[in-house]
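The values are calculated or read from the model by the stated rules, or taken from the named source; none is laboratory data. All values reported here derive from a predicted model rather than from experimental measurement. Because the Cβ atoms are built from the backbone with ideal geometry, glycine has one as well, and the counts that use them run over all protein chains shown. SASA here: full protein model, heavy atoms, side chains in, ligands and nucleic acids out. Shrake-Rupley method; radii C 1.70, N 1.55, O 1.52, S 1.80 Å.
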Amino acid sequence: MKTPLGIMTAALVGFIALGLTGIPISPAQGADGKELYREYCKTCHEADSPHGEYTPMSLIQDQWTRFFDKKYVRKHKDVIDEKHGGKPVTETISPDDLELIKEFSIKGAADSEHPMTCG
Ligand code: HEC
């Protein structure tokens, strides 16, 4: 396979530029976890939801850890997320996003320093 030199050069320049600006590759935590939670979880778990209302402060830290370890997949693999293309929740949320949501949930748990709803 032959890659045109122009593309290779552009990619290389891109890499170098990225390195120089020092922009962190992963987004700042907290704010993004919160946004992701609102986008991907709150739609089904807001107040009065038939699936139960869940915000970070609905559970304590241990419960969130256990939830993401065990229950998340079991409870969501057959649940279709109509708002994001009609795929199961577990296929809709990327592993990276889920990790941020997990951190946000644990950080805002009922027994954390700053219990949080998701706004
Ligand atoms: C498309 C709808 C939908 C989305 C999106 C969704 N859930 Fe759920 N969730 C459900 C349903 C349905 C259940 C099962 C309720 C039941 O067992 O009766 C559930 C159950 C739960 C439970 C309870 C588990 C238990 O102990 O029984 C928690 C906590 C939860 N979800 C958190 C989340 C989080 C966090 C997200 C985002 C990462 C999320 N959910 C995204 C529909 C959804």
Identity of the residue in the stretch 61-90, over 16 Å from the mean Cα position of the chain (by Cα) and among the hydrophobic types (A, V, I, L, M, F, W, C), that ends up nearest to the ligand (Cβ to nearest atom): 79
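Per-residue answers, yes or no, for (1) charged (D, E, K, R); (2) touching a residue at least 24 places away in the same chain (Cβ under 8 Å):
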position	(1), (2)
38	yes, yes
45	no, no
58	no, yes
64	no, yes
71	yes, no
query: Before we move on, is residue 99 open to solvent by less than 100 Å² (accessible area, probe 1.4 Å) and part of a helix (DSSP H, G or I)?
result: yes
- request: Identify the residue in the stretch 44-60 that is within 19 Å of the chain's Cα centre (by Cα) and in a loop (DSSP other than H, G, I, E, B) and, among all such residues, is modelled with the lowest pLDDT.
  value: 46
